[in-house]
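Working notes, beginning with the structure itself.
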Amino acid sequence: MRLFCSILMLLWLLPLQAATPSVFDYDIKHWTSADGLASNSVRAVTQDQQGYLWFGTLYGLHRFDGQQFEVFTTETHPHLASNAITQLLTDSDGRIWVGTKAGLSVLQPQELSFERLPLFNEVTSLIEMAPGEVWVAADQLFQVQQGQVQRIEQVKTVVSQLTRHQQQVWVVAAESLYQRDADGSWQQFELPPELRQTPVYDVSWTSGGVMLAAEPGLYRLTAAGVVAEALPDNSKVPVYQVLQDSNGAMWLSAYRKLFYRFQQQDWQTVTVQELGNYPWFSALYQDQNQQLWLTSFSDGIYRAGLTQIRRLQPAPDPVIRSLALTPQGQLLLAAQTELGVLSKDGDYQQILAAEQLQGQTVHAMYWPEPTTLWLGLERGLFQLTLEKGSLQPLFPELQGQAVRVIQGARAGGVWLGALKGLYFATATKLEYWSENAELESRQITALDESEQQLLVGTSRGLYRWQQQRLTRLGSGTALYNAYIMAILLLPDQTILVSTLDDGIFILQPGQSWQQLHSGNGLLHGPAVSFYFHQQSGWIWISTHKGIFRLERASLNQLPQEGYRIEEVLSPFDRQMGSLSSRCCNGAGQAKVAYWQQQLWYPTLKGVVAVPEQPQGTALPDIQLRVKQVQTPRLYPLTATERRLVLEQYERNLTISYTALEFSRPESLEFRYQLQGFDEEWYSAAERREAVYTNLPPGSFDFVVQAKYRHQSWQEAVQAQLQLVIPRHFDETLLYRLLWLVLIISSLYGLFWLYRQNALLKQEQLERLVRQRTQELENSNQRLNELNEELQQLTHRDSQTGLRNSRFLHEQLPKDIEHFQRNLASLQAQGKSIALLVLQPEALAPLVQQHGKGITDSLLQHFSAVLSRETRGSDYVVRLDNWQFVVVFRDIPLSQVGAYGKKLAEQLSALTLSEGNSQQRLKVYGGYALYPLPLLGGQLLGWEVSLQLASLSASQLLQNATPGVASLQFAGQVDAFEFEESTDLERQVLRLQAEGLIWLQQE
């Protein structure tokens, strides 16, 4: 990290306005197998004429559009020589030559078709000599022309690398370097002994001559022959590639290092500390847009692009919290642990050390005099006298308060925003603002003032002081109670207010509040600073994740065109030499400064300088393509193809489209419409395909649009493809007319047949009626029989309407299972399952005296009372003729006996009137719990509890004692007394005789 800091310091010692291009000015982006690469070992790269990038890995060939990798392998394309790609070359005809470890293939990128050539050795280098003529290094030197392969006899040894400049060609062989001149003559240069029979990875022509990258290091072809060239850091490591880009900068890829030099400046080195991973690059390539692509032996792909946005780390402490301008025209930087100034020449000078700050964050800075600086710190307002270098607290009233705002007042004096309210100060006097009592929150977070009004932002809303009156703004909106982050007052008194959670609120004179949020263009979360550049008319806005600017004029055009927003620095931008970090940072109100025609922002890793006219950071034009149409067959499309005729049967299709955008592909959004089929646009977000099924025949226009996320759809680019689906014969008019004639003929024939068979059908109908009548009578009789059987199988007793025993055997196990799942909770509440058996006294004398009708009436009365008096969660079952069971699902143990006694008494109170006599029945009841309250009771089934309840009722009946009782158990009785007993009644009587069980009546 020290090396990285020292490199940045050296780079910025030159004047800032005329800085030399640096490797650390390059934005970089990284792709690996996690992003779709089949392998992180990437060996070759090229770009086709459509703009796609092609990468060769050890596991296939890849086509890349900035977002998606399409993989081509021998399994899908048998004419590809091998999956291990070693070299790629795009010739002047647009074909891509694919060198592999098993030979050579040629790809037509527009048709995505391969042709295998008769070369079967590993291809190590490719160059184009002329249109249609390519030289290949594949152990020997070969010439491929018009599909014919022939060996070049002038070089008879093993060849490894080739390069060409104008009419000269250089060939690296096992022990020599060959040079072919424009007249066809050959020269031979001996390689140094250490380079013979040693891998040479690249030979390149540069403005400094021919360079060889090899395992022993870097070599140059001079008049004296091939000589060793020292690496910039004098290390002895392998060199893999040399590239001189279109700007004249030199790039050297070495083992775990990347060297860069712009023209004749000093070399710069990128190592793992700057890149984040070891730079071990197999190939360097500059594309059509001057972007540099670096493919790694083990770490995927990197893209590096030069940008005008610059990052500086002038102070030893990288964390910058605040910045401002000095009266001398320098940039004042408040780091986390120190305070310093940066001059126009790039010199940094510390003016306040960490010992004096004592760990306090600088929130705001103000110069009352050229040699006196006020600092708003965590524990109050302090004054720094530059001549003495002393830091002294001001105004005892502010001690212990965080001062976040210091701003000069229009009428003289200074506004101070602190934790406990707003203050007004002069050089010797401090006044507490008289309106602080009206503020819901006195924590001042932002402030801005014009001649007409004063705006005060707090942690609970925005206030305006105007004409000696305080007004809280934003009533009826989220602004009313919002945490205010920043305020900007434009010259025409338009107000911009940033909030923590609700975006930016905008108030123009005479209008209502507008809100800019993520749904209508706000980027990267809450804004932390505003800056209005009057000359250009742009409002610059910074957030913790990036920088964007808003055109002032678009505020007036909002209803028609929306906000015009340009993204300047996105969260995805990362520069060489710095790991991903937030931008922008800042504390208090000092979060942006305009200096040297640039806007300066504090970050966690130094400062960011953005030009006021960031032409180099403008987003590139989107190159939208309809890539292919997939039906049962594949239709690749060229960039100029606008019409596609499908086969008649191809009605299900997938249309793939893409946008060639390599800088910020994550910022793209798509929508599409199949005109003639879709009624509206379909938003695809980042998805790059459209799927249609069962399309009708006809002509359709597939239209796709793409835009950056912050743009409106009116600014989107568009691509269009006409799709034609021919009709089947069965979809033509002739086919339908033939069908019409056939239908009319068939109807006439059917009508004739109907007239001929009318009488016969009438006779058959009468015969069938008689037959069906007899069958219906038989069916009705059978149906009645089945109904009787069905009643026996249902859960209801047909005579009383109560549940029957079948229902009991099916439902009670389910209730027991539910009880056991909640056993702990129910036992804690003192609840259990209880079975209450009720039966009246013998009814035979009543039947003999009054007839069977009285028993039916009695049953109805019994059923009505039991149904009415049982709880909603319980149910009543008729076991046999005159025995009923009441199942209590979860009843408190203390209420079982009382509840059963109440039911028995209500049933015994029933009066039966027969003639002049009235009859009352005595009812006997017995109950038992489940599980039984004895040791091991849970091992016994509910059938035992039911038998014990029935025995209790029977014993009361035998004793002629109406009421309700239950069998109680002595403490030494356990479940094993009943588990193996075949005659439960006999076992109970035996235990009663022994005094271990007794009948207890309620």
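Residues satisfying the criterion are present in region 99-119 (criterion: among the hydrophobic types (A, V, I, L, M, F, W, C), more than 31 Å from the chain's Cα centre (by Cα) and on the phi > 0 side of the Ramachandran plot). Determine whether region 463-478 contains at least one residue that is modelled with pLDDT of 95 or more, closer than 18 Å to Ser529 by Cα and either within 39 Å of the chain's Cα centre (by Cα) or basic (Lys, Arg) (or both). So far as region 463-478 goes, no, none of its residues is modelled with pLDDT of 95 or more, closer than 18 Å to Ser529 by Cα and either within 39 Å of the chain's Cα centre (by Cα) or basic (Lys, Arg) (or both). Residue pairs whose Cβ atoms lie under 9 Å apart, separated by 6 or more positions or on different chains, with the first residue in region 405-417 and outside the structural domain of Gln383 (by TED's automatic domain parsing) and the second in a strand (DSSP E or B), do not occur. When region 201-251 is filtered for residues that are exposed (fewer than 13 other Cβ atoms within 10 Å of the Cβ) and of a type in the set (A, V, I, L, M, F, W, C), the ones remaining, listed by number, are Ala223, Ala224, Val227, Ala230. Of all residues in region 203-229, those satisfying the criterion of being of a type outside the set (Val, Ile, Thr) and in contact with a Gly (Cβ under 8 Å, 6 or more places away or on another chain) are Ser207, Arg220, Leu221, Ala228, Glu229.
Condition check ((1) surrounded by fewer than 16 Cβ atoms within 10 Å (Cβ to Cβ); (2) in the same structural domain as Val592 (by TED's automatic domain parsing)) across all residues:
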{"residue": "Tyr302", "(1), (2)": "no, no"}
{"residue": "Pro318", "(1), (2)": "no, yes"}
{"residue": "Ala324", "(1), (2)": "no, yes"}
{"residue": "Ala335", "(1), (2)": "no, yes"}
{"residue": "Glu369", "(1), (2)": "yes, no"}
{"residue": "Thr372", "(1), (2)": "yes, no"}
{"residue": "Leu375", "(1), (2)": "no, no"}
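The strands (runs of 3 or more DSSP E) located wholly in region 878-995 that include 3 or more residues which are over 23 Å from Gln811 (Cβ atoms) occupy 911-914, 917-920, 963-969. Residues that are surrounded by 18 or more Cβ atoms within 10 Å (Cβ to Cβ), hydroxyl-bearing (Ser, Thr, Tyr) and in a strand (DSSP E or B) occur in region 56-67; there is at least one. Here is the figure for region 645-684: residues that are buried (at least 18 other Cβ atoms within 10 Å of the Cβ), polar (S, T, N, Q) and either part of a loop (DSSP other than H, G, I, E, B) or at pLDDT below 90 (or both) total 2. Taking the listed residues Thr543, Thr617, the one that is on the phi < 0 side of the Ramachandran plot and at pLDDT 80 or above is Thr543, with no other qualifying. The residues of region 484-505 that are over 31 Å from the mean Cα position of the chain (by Cα) and part of a loop (DSSP other than H, G, I, E, B), listed by number, are Leu490, Pro491, Asp492, Gln493, Thr494.
Condition (residue is closer than 18 Å to Val45 by Cα, in a strand (DSSP E or B) and either at pLDDT 90 or above or among the charged types (D, E, K, R) (or both)) applied to region 302-324: is it met by at least one residue? Yes, that holds for at least one residue. From the list Gln349, Gln313, Gln328, Gln401, pick out the single residue that is in contact with a strand residue (DSSP E or B) (Cβ under 6 Å, 6 or more places away or on another chain) and surrounded by fewer than 18 Cβ atoms within 10 Å (Cβ to Cβ). The conditions single out Gln349.
Taken together, Arg727, Arg772 contain a single residue that is more than 30 Å from Leu569 (Cα to Cα), outside any helix (DSSP H, G or I) and at pLDDT below 90, which is Arg727. With respect to being out of contact with any Leu (no Cβ under 6 Å at 6 or more places or on another chain), without any contact (Cβ under 8 Å) to a residue 40 or more places away in the chain, among the aliphatic types (A, V, I, L, M) and closer than 27 Å to Lys605 by Cβ, Ala335 fits the description. Every condition in (1) at pLDDT below 85; (2) within 53 Å of the chain's Cα centre (by Cα); (3) part of a helix (DSSP H, G or I) holds for Ser873 except the one numbered (3). Residue pairs whose Cβ atoms lie under 7 Å apart, separated by 6 or more positions or on different chains, with the first residue in region 954-966 and in contact (Cβ under 8 Å) with a residue 40 or more places away in the chain and the second surrounded by fewer than 16 Cβ atoms within 10 Å (Cβ to Cβ) and part of a strand (DSSP E or B), are Ala965/Gln1000; Ser966/Gln1000.
Of the residues in region 785-798, not one is surrounded by 11 or more Cβ atoms within 10 Å (Cβ to Cβ) and modelled with pLDDT of 85 or more. If the condition is being over 26 Å from Gln50 (Cβ atoms), assigned to a strand (DSSP E or B) and small (Gly, Ala, Ser), then region 102-141 contributes Ala137, Ala138. Here the condition is being small (Gly, Ala, Ser) and in contact with a Gly (Cβ under 9 Å, 6 or more places away or on another chain); of Ser235, Ser253, Ser246, it holds for Ser235 alone. Scanning region 92-115 for residues that are modelled with pLDDT under 95 and polar (S, T, N, Q) gives Ser92, Gln108, Gln110, Ser113. Mind checking which residues of region 506-542 are free of Cβ contacts under 8 Å to residues at least 40 places away in the same chain, part of a strand (DSSP E or B) and within 19 Å of Ser475 (Cβ to Cβ)? Scanning region 506-542 gives Leu507, Gln515. Here is the figure for region 938-968: residues that are more than 21 Å from Ser805 (Cα to Cα) and in contact with a strand residue (DSSP E or B) (Cβ under 8 Å, 6 or more places away or on another chain) total 11.
Taking (1) aliphatic (A, V, I, L, M); (2) outside the structural domain of Gln508 (by TED's automatic domain parsing); (3) crowded, with 19+ Cβ neighbours inside 10 Å; (4) under 44 Å from the mean Cα position of the chain (by Cα) in turn, Val456 satisfies each apart from (2). If you check Tyr219, Tyr201 for being in a strand (DSSP E or B), under 16 Å from Leu284 (Cβ atoms) and either touching a Cys at 6+ places or on another chain (Cβ under 6 Å) or in contact (Cβ under 8 Å) with a residue 12 or more places away in the chain (or both), only one passes: Tyr201.
The set of residues from region 821-855 being in a helix (DSSP H, G or I) and modelled with pLDDT under 75 comprises Ala844, Pro845, Leu846, Val847, Gln848, Gln849, His850, Gly853, Ile854, Thr855.
The values are calculated or read from the model by the stated rules, or taken from the named source; none is laboratory data. It should be emphasised that the depicted structure is a prediction, and the values quoted were computed from it without experimental measurement. Heads up, the Cβs are rebuilt from the backbone with ideal geometry, glycines too, and the neighbour counts pull from every protein chain shown.
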